[in-house]
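Trainee: Let me give you the structure first, and then I'll get to my questions.
Each reported figure results from applying straightforward, stated rules to the coordinates on display, with no laboratory input. From a predicted model like this one, the values you see are computed outputs, not experimental measurements. Backbone-built Cβ (ideal geometry, glycine too); neighbour counts: all protein chains shown.
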Amino acid sequence: MPGRVILDTDTGVDDALAILLAMRSPELRIEAITGVCGNTPLEHCMRNIHITLDVLDAAPPPEVARGEDRPLVRELAFAGDIHGNDGLGDVTRLEDAKGARVYPDPVQRVSPVHAVDLILERIERYPDELILVAVGPLTNVARAIMRDADRMRRLREIIIMGGAFETGGNVSPVAEFNIHADPHAAQIVCDAGIPLVFVPLDATRQAFLDAKTIDRYAGKGGARAAFVRDCTARYVAFHRRNRGVNGCFLHDPLAVAVAVREDLVTTVPARVDVEIAGDLTTGMTVADLRSQRWGEPNARVCTALDVQAFTRLFEERVLA
């Protein structure tokens, strides 16, 4: 039986690719997709979820719910320089030869239930069974814990795309974007007593999609591959300019892949905490992956990836 999953996302470019992978994975039953502010404002996030689902022509689509539109404490900070003004590589501006938009505004089928309430309702319906895959800031997750921590502890686990442990950050020398965007929420999650799996930059920087691979599949005419090419063009240009690579990292799809096949990654137990008060280190994930001297582990941290197996999985399910 497929594992039941809620995907909590701040739908930027790699989030959209994560949605594609999740929806195309028969091992998973996507119970809901919940939106949160992060890479892009919440309104853009919700639109981008529906654009991505329209590419899949998913029938019936999962329930989609609107979540938190700002962090618990910090000011809003978006990533438009990476993900575009629309959060999706500016695909909403693309026009065909006749001047029509390639990706017009979708019909948005948004649940009347707030994301926090939907998460709690699904846990009550499927206690000890549901996996929450969080690929954006952890604001919705923290709000749900603040609302009903006992119920949240009936999650099977939370898989978090976030953190940087033995590598540098991507929004500061030590902090990864999702954790940095709402570090107070991340610490609440770390303290909640829920089984956690961190999929940090240490692992996701091993998950690389080459631009030539994207172009090769897109040249075959498939709608999914064409969408990947279109939404990643700006994202790839950013990586080429700032990372010196001709392609892009698949941060969020790797978190989904861990829900599909945990054997793709190597994990180590650790006590993870988040810096919330440092002038230079806000959002830093703090742990000692070498030993368990610094407290009882509250998480497993992904440190290594079977790159070939993951790449094959992504290509077969998303691009082919």
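Trainee: Do we find a residue being closer than 14 Å to VAL13 by Cβ and free of Cβ contacts under 8 Å to residues at least 40 places away in the same chain anywhere in the stretch 83-92?
Mentor: Yes: one or more hits.
Trainee: Name the one entry in VAL102, VAL73 that is more than 17 Å from the chain's Cα centre (by Cα), loosely packed, with under 15 Cβ neighbours inside 10 Å, of a type in the set (A, V, I, L, M, F, W, C) and closer than 30 Å to ALA149 by Cα.
Mentor: Residue meeting the stated conditions: VAL73.
Trainee: Here's a follow-up. Give the number of residues within the stretch 49-105 that are in contact with a Gly (Cβ under 6 Å, 6 or more places away or on another chain) and among the acidic types (Asp, Glu).
Mentor: 1
Trainee: Looking at ARG234, ARG240 in this structure, which one is over 18 Å from the mean Cα position of the chain (by Cα), farther than 24 Å from LEU305 by Cα and not aliphatic (A, V, I, L, M)?
Mentor: ARG234
Trainee: Residues that are closer than 18 Å to ALA259 by Cβ, assigned to a helix (DSSP H, G or I), of a type outside the set (Lys, Arg) and out of contact with any Cys (no Cβ under 9 Å at 6 or more places or on another chain): does the stretch 186-206 have at least one?
Mentor: Checked against the condition, which is being closer than 18 Å to ALA259 by Cβ, assigned to a helix (DSSP H, G or I), of a type outside the set (Lys, Arg) and out of contact with any Cys (no Cβ under 9 Å at 6 or more places or on another chain), the stretch 186-206 yields at least one hit.
Trainee: Looking at (1) surrounded by 22 or more Cβ atoms within 10 Å (Cβ to Cβ); (2) under 18 Å from the mean Cα position of the chain (by Cα), can you tell me which one THR311 breaks?
Mentor: For THR311, the exception is condition (1).
Trainee: Now for a different question. From the list GLU124, GLU157, GLU166, GLU95, which one is surrounded by 15 or more Cβ atoms within 10 Å (Cβ to Cβ) and either in contact (Cβ under 8 Å) with a residue 40 or more places away in the chain or more than 30 Å from THR282 (Cα to Cα) (or both)?
Mentor: So the residue among GLU124, GLU157, GLU166, GLU95 that is surrounded by 15 or more Cβ atoms within 10 Å (Cβ to Cβ) and either in contact (Cβ under 8 Å) with a residue 40 or more places away in the chain or more than 30 Å from THR282 (Cα to Cα) (or both) is GLU157.
Trainee: I'd like to check which helices (runs of 4 or more DSSP H) are fully inside the stretch 209-298 and have at least 3 residues that are of a type in the set (Phe, Trp, Tyr) and surrounded by 15 or more Cβ atoms within 10 Å (Cβ to Cβ).
Mentor: Here the list reads 223-242.
Trainee: Let me confirm something: among THR11, THR34, which residue is buried (at least 16 other Cβ atoms within 10 Å of the Cβ), under 12 Å from the mean Cα position of the chain (by Cα) and in a loop (DSSP other than H, G, I, E, B)?
Mentor: Within the list THR11, THR34, the selection yields THR11.
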